[in-house]
Structure formats: structure tokens, C-alpha cells
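The values are calculated or read from the model by the stated rules, or taken from the named source; none is laboratory data. Not measured: the values here are computed from a predicted model. Cβ: placed from backbone, ideal geometry, glycine included. Neighbour counts: every protein chain shown. We work out accessible area using only protein heavy atoms, side chains counted, and drop any ligands, DNA or RNA first. Shrake-Rupley method; radii C 1.70, N 1.55, O 1.52, S 1.80 Å.
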Amino acid sequence: MLGFDHPETTKTWDALYYNNSHAIQFYDSAINRMLKLLDAKPSEVLLDAGCGAGVHAIRAAERGYRVDAIDFSEAALEDAKKRAASAGVIDRVHFMHEDLTRLSFADSAYSRIFSWGVLIHIPRVAHALDELVRVLSPGGRLALYLCNASALQFGPRRIETWLKPNRAKWKNLDFGYATEFELHGNAIWLWHFHHRVLDRYLSHRGLTLVARDSGEFSDLHIRFPKVLGRLCWRFNNLWCLSRLPSRLAQMNLSVYEKSVKS
């Protein structure tokens with residue numbers, strides 16, 4: 001069983017992200033912003049590259065889009081199908097089992113792709129990026145929601161891991177800082193990206209950055225899920241809605257456009 005499939009993980013994430021009114025308010029606003037930046041037409045099918053529980057694919061479907069939603073986890077896909085059926089949008093979301101590092105789709109298969117908080121958990125992230133670029137059509141747009149290595153919160157977090165011997169250490173790798181932590185008996189990879197490195201990598205593959213917005217300013221709601229957690233979500237909402245500097249935020253939403261010459 002993958003760490004992300006564990007029943008306790010699902011229960012925890014439901015409380016933190018899916019059944020939390022403050023989190024729902026944040027993600028409703030953030031997904032609206034992402035869809036606007038993707039500039040998708042009603043006739044286009046969006047690819048949700050790593051849908052997990054399907055909550056963002058469902059949000060897109062509720063706003064009138066059709067979505068192909070893919071994930072590596074069969075358990076997550078089954079959960080996502082149930083959520084889509086409950087939301088009344090199962091006819092607008094097509095769920096498929098796929099590996100982001102080896103997609104089965106043809107070149108240029110999609111003109112609009114989003115991947116929300118997924119690439120941060122893929123060690124071979126270059127392979128996943130290359131696959132997303134490959135299946136994106138010329139003139140198409142790609143939205144990535146990723147942890148940010150320049151975030152105000154990240155510096156103290158790195159120091160903390162060095163002060164505590166039992167904590168996994170951060171490694172400075174090609175795309176940013178990375179570490180592994182244990183989640184219900186499984187090793188989970190986590191990236192914090194150097195966005196200038198990511199921008200350069202994608203630029204060499206024909207993609208240009210068109211927008212970068214703040215996402216969650218902090219993820220302290222994970223450590224303090226009750227009163228302080230609610231305050232954290234409110235601050236996240238304020239930071240995101242006010243368009244305050246993305247370089248200080250824990251999460252960034254970056255949108256790229258592929259050259260028509262690609």
C-alpha cells in the first residue's frame with residue numbers, strides 16, 4: 001500500500017483539505033484563478049495530471065469543463081470516482097490510471113494541463129516534466145502548483161532538520177531541495193523547487209512562463225490543525241487574494257505556454 005493510499009492519510013487529508021471550510025474557500029478561489037490563467041475554451045478537455053482524490057478535477061467539471069483525470073494510485077482513483085459521482089459530475093470527468101513519468105498519450109494530445117501538488121512527490125521529476133511537455137500541444141498552457149524553495153517558512157524548516165538528528169535532511173539537488181519522510185510506513189519524496197531552475201529547464205523545451213501567483217503562504221495548518229490552523233488558512237486566503245509576492249509563499253502556481261514552433 002502506498003503511503004498516500006493509507007486510510008489514516010485519507011482521513012487526515014479530508015479534515016485538513018477536503019472537509020475544511022477555510023481550505024475549501026482557498027482552493028475554490030485558487031482553482032478559479034488557475035482556470036482563468038489556463039485560458040481554456042469550453043471545447044477543450046483539461047488534463048488533471050495527478051488527480052489524487054479528484055477534488056480539483058471536480059471543481060473544474062463543476063465550472064463546465066470536461067476533464068481527463070489521471071493518477072498512479074488505483075485506490076485514489078476509486079475514491080475520486082465516488083467523489084465525482086456524489087458531486088454529480090461523473091459524466092464530465094474521465095478517470096485513468098497513468099504514470100506521470102511514462103504517459104500513454106500521443107504527442108500534443110492536450111492543449112490545457114494542470115498538475116496540482118503532484119510533481120513535488122516524484123523523485124524523477126525531469127521525466128515527468130518532459131512527459132507533460134511532450135503531451136502539451138503547441139500554443140497550449142501548463143499550470144504547476146509546487147513547493148517553493150525561497151519561501152519564508154522554508155529556511156527555518158531546513159535549519160530544524162539539521163538540529164534534530166532523527167529528522168530527514170534536505171539535499172540540494174538539480175531542481176531544488178528534496179528530502180524523504182515516512183508516512184504510514186512508506187517513504188515519501190518531497191521537493192521544494194528553485195523556480196528559476198524550473199523556468200530555465202522548461203524554457204529549453206519551448207515553454208515560457210506567463211504567470212506566477214502565490215498559493216498557500218504557509219502549511220502550518222498541518223502542524224496546528226485546530227484554532228491556529230484556521231487562522232493559517234485565513235492568512236493564506238488573504239495572501240493569495242491580495243496577490244502578495246509569490247517568492248515568499250510556501251506554494252506557487254506557475255503557468256507556462258508552449259511555443260507554437262515546438
Quiz prompt | region 118-149: trypsin sites (Lys or Arg not before Pro) in DSSP loop, at most 15 other beta carbons within 10 Å | solution = R124
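With a 1.4 Å probe and all protein chains left in place, how much accessible area per residue does the chain have, in Å²?
Details: 12460 Å² over 262 residues.
That works out to 48 Å² per residue.
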Self-check item: GluC sites (Glu not before Pro) lying in DSSP loop within region 173-218, provided at most 11 other Cβ fall within 10 Å
Solution: none
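Where a ≥ b ≥ c are the square roots of the eigenvalues of the C-alpha gyration tensor, would you call region 16-151 rounded, which needs a/c under 1.5, or, failing that, prolate if a/b is larger than b/c, or oblate? Could the numbers behind the result be given before it?
Numbers: a/c = 1.29, a/b = 1.19, b/c = 1.08.
Rounded.
Do any of K36/K258; K169/K226; K11/K226; K11/K171 go past 22 Å between their Cα atoms, and which?
Numbers: K36/K258 17 Å; K169/K226 28 Å; K11/K226 15 Å; K11/K171 30 Å.
Too far apart for the 22 Å limit: K169/K226; K11/K171.
Can you give the FRET efficiency for K81 and R205, using 1/(1 + (r/R0)^6), R0 = 35 Å, r = Cβ-Cβ distance, to the nearest 0.05? All intermediate terms of the calculation are to be shown ahead of the outcome.
Working: r = 33 Å, r/R0 = 0.94.
My answer for the efficiency is 0.60.
Using just the helices of the chain, give the 222 nm mean residue ellipticity in deg cm²/dmol: DSSP H runs with n ≥ 4 each add -39,500 (n - 2.57), and the total is spread over all residues, rounded to 500. Working shown, then result.
Numbers: 8 runs with 92 residues, N = 262.
Dividing the helical sum by the residues of the chain leaves -11000 deg cm²/dmol.
Might you report the magnitude of the Cβ-based charge dipole of region 1-121 about its Cα centre, with Lys and Arg at +1 and Asp and Glu at -1, to the nearest 20 debye? Before the final figure, lay out the partial values.
Numbers: 13 positive and 17 negative charges, 97 e Å.
With Lys and Arg at +1 and Asp and Glu at -1, about 460 debye.
Could you pull out the chymotrypsin sites (Phe, Trp or Tyr not before Pro) across region 76-144 that fall in loop regions by DSSP (anything but H, G, I, E, B) with no more than 11 other Cβ atoms inside 10 Å? It would help to have the intermediate numbers written out before the result.
Values: sites: F95, F105, Y110, F114, W116; in loops: F105.
Taking region 76-144 and a limit of 11 other Cβ atoms within 10 Å, no loop chymotrypsin sites (Phe, Trp or Tyr not before Pro) are found.
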Practice problem: May I ask you to give the percent of accessible area on the chain that is carbon plus sulfur, with a probe radius of 1.4 Å? | Solution: 55 percent
Self-check item: Mean Kyte hydropathy of 0.0 or more with a Cα span along the axis of at least 30 Å, helices from DSSP in the chain
Solution: none
